[in-house]
Amino acid sequence: MSFPLVKLSARSSAAKSEYQELIRELHSLDTALRSLDRLEREVSDSRSVDSIKYAAMNCRHTLEEFLMTIKGYDKSLGIRSRSHPVRATADKLRWTFSQKEDIARLQAHLSLHIGNINIMLTKHGLEKMDKNNENVEAHALQVGQQLDHASGLLQAIKQDMPTQALVLRNDTQHWVACIVYWSEK
């Protein structure tokens, strides 16, 4: 007869660590969802970003509602729990037997939200990559045109160098003649 009690005791003692792990996971998810609020809107993709933020807000709402329903367990099962041993044991047993279905429903619901958000984020990321690729291609074309223009200018200078050298020689000879003329006077 003690065997079922041992199993029951073992299951209820795991309740505290299960609860704390769930709380850590939910807070991490909440942090990740809140980071989506910092997505920047550009004129071309504001609808996409708004959809992502809306889905994250819905997911956070579901998460916050669930956290409110289990808040009462924090006194007995939380990290800083300090409740009476009888109450703690009662909460552990209640957590073990009554919250499993709620947690499974929450996980299914959150998985649906997160999957949807991941798809939207992937789509948004691909759209931004396409836009950046277009910008890079336009910039590369512009740089290519500028290089062609600079190359043309260099060719013109190169072709004009003999003429410029002749002018320089003539000017130099003219100045030398002027200096000689003025030095003799």
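The values are calculated or read from the model by the stated rules, or taken from the named source; none is laboratory data. The structure presented is a predicted model; accordingly, all values stated were derived computationally and were not measured. Cβ coordinates were reconstructed from backbone atoms using ideal geometry, including for glycine residues, and neighbour counts include every protein chain displayed.
In segment 94-119, which residues are closer than 29 Å to VAL49 by Cα, crowded, with 16+ Cβ neighbours inside 10 Å and of a type in the set (Val, Ile, Thr)?
Result: ILE114, ILE117.
Can you pull out every residue in segment 97-110 that is under 18 Å from ARG24 (Cβ atoms), polar (S, T, N, Q) and either part of a helix (DSSP H, G or I) or outside the structural domain of LEU36 (by TED's automatic domain parsing) (or both)?
Answer for segment 97-110, where residues must be under 18 Å from ARG24 (Cβ atoms), polar (S, T, N, Q) and either part of a helix (DSSP H, G or I) or outside the structural domain of LEU36 (by TED's automatic domain parsing) (or both): just GLN107.
Regarding segment 118-137, can at least one residue be identified that is closer than 22 Å to GLU21 by Cα and assigned by TED's automatic domain parsing to the domain that holds GLN20?
No, because not a single residue in segment 118-137 is closer than 22 Å to GLU21 by Cα and assigned by TED's automatic domain parsing to the domain that holds GLN20.
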